1. Looking at N22, is it within 20 Å of A202 (Cβ to Cβ) and in a loop (DSSP other than H, G, I, E, B)?
2. Restricting attention to the stretch 20-46, report how many residues are surrounded by fewer than 22 Cβ atoms within 10 Å (Cβ to Cβ) and either touching a strand residue (DSSP E or B) at 6+ places or on another chain (Cβ under 7 Å) or aromatic (F, W, Y) (or both).
3. Just the residues that are among the hydrophobic types (A, V, I, L, M, F, W, C) and either open to solvent by 70 Å² or more (accessible area, probe 1.4 Å) or part of a helix (DSSP H, G or I) (or both), please, taken from the stretch 181-219.
4. Is it fair to say E171 is under 14 Å from M16 (Cα atoms), part of a helix (DSSP H, G or I) and free of Cβ contacts under 8 Å to residues at least 40 places away in the same chain?
5. Restricting attention to the stretch 32-46, report how many residues are part of a helix (DSSP H, G or I) and among the β-branched types (V, I, T).
6. Which one is farthest from I77 (Cα to Cα) among residues in the stretch 120-144 that are out of contact with any Gly (no Cβ under 9 Å at 6 or more places or on another chain) and aliphatic (A, V, I, L, M)?
7. Kindly evaluate T169 against the criterion of being more than 21 Å from K41 (Cα to Cα), among the β-branched types (V, I, T) and open to solvent by 40 Å² or more (accessible area, probe 1.4 Å).
Amino acid sequence: MSKIQNVTDAIVKQGMLPLYFNADENVTIEVLRAIYRAGIKAVEYTSRGETALSNFTKMVEVRNAEMPDLLLGIGTIKNKKQAEEYLAVGADFFISPGFVPEVAEFLIGQGILYSPGCMTPSEIIAAENAGVKFIKLFPGNMLGPEFLSGIKDIFPNLIFMPTGGVDTTAENIGGWFKAGVSAVGMGSKLISKPLMADKNYAKIEADTKTVLELIQSIK
């Protein structure tokens, strides 16, 4: 099985992709352990601060030692240099807030999953023509399930995942799956800044497990 297919299958199977960033290395690692205990097999860490690369490097180290079946992705990739840096330290897949052709060419050429954020049919077509199969609908709360319902038939060979404003409720998640998504990206609505600030890893673990179970009941 290809690396791209392996990552795709893992995300689709769990029906969600948790994503977070914390500047503190210890908090970053403990959140990783908490969501892994909850059953997560693929996670996105967002490259949003000066410590992101060093934190991610540590995540790979801990993953290799403790969680060998966990796939680590990196988000907020905006240029080829970032992609090269994170690939060098062991990222399994890459996600962008928008479609970056040079990143798509670089990663797809190496058999690595690249999921760009798209907001219009034109962006989705450009990504599809570049070889992308996994589209991040971003920002999800601005687009809504109705957007996907309106375009889904045009893109029968693509997988869609909304990110941004996806809530943890059955109504919100259910609406997205009914529209045809294969997974939902879950950020601050799941792994919130207050929970990380309080180091409430038990709550993060419990909430993640609850959402995983909810998604399995909806799918």
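The values are calculated or read from the model by the stated rules, or taken from the named source; none is laboratory data. Just so it is clear, the model here is predicted, and its values are computed rather than measured. Here Cβ is always computed from backbone atoms with ideal geometry, including for glycine, and neighbour counts include all displayed protein chains. All accessible areas refer to the heavy atoms of the entire protein, side chains included, with ligands and DNA or RNA removed. Shrake-Rupley method; radii C 1.70, N 1.55, O 1.52, S 1.80 Å.
1. In short, yes.
2. 3
3. Those that are among the hydrophobic types (A, V, I, L, M, F, W, C) and either open to solvent by 70 Å² or more (accessible area, probe 1.4 Å) or part of a helix (DSSP H, G or I) (or both): L195, M196, A197, A202, I204, A206, V211, L212, L214, I215, I218.
4. The answer is no for E171.
5. Matching residues across the stretch 32-46 total 1.
6. I125
7. Taking the combined requirement at face value, the residue satisfies it.
For (1) in contact with a Ser or Thr (Cβ under 7 Å, 6 or more places away or on another chain); (2) in contact (Cβ under 8 Å) with a residue 60 or more places away in the chain; (3) within 15 Å of F134 (Cβ to Cβ), each residue gets a yes or a no:
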site	(1), (2), (3)
L19	yes, yes, yes
E50	no, no, no
T76	yes, no, no
A104	no, no, yes
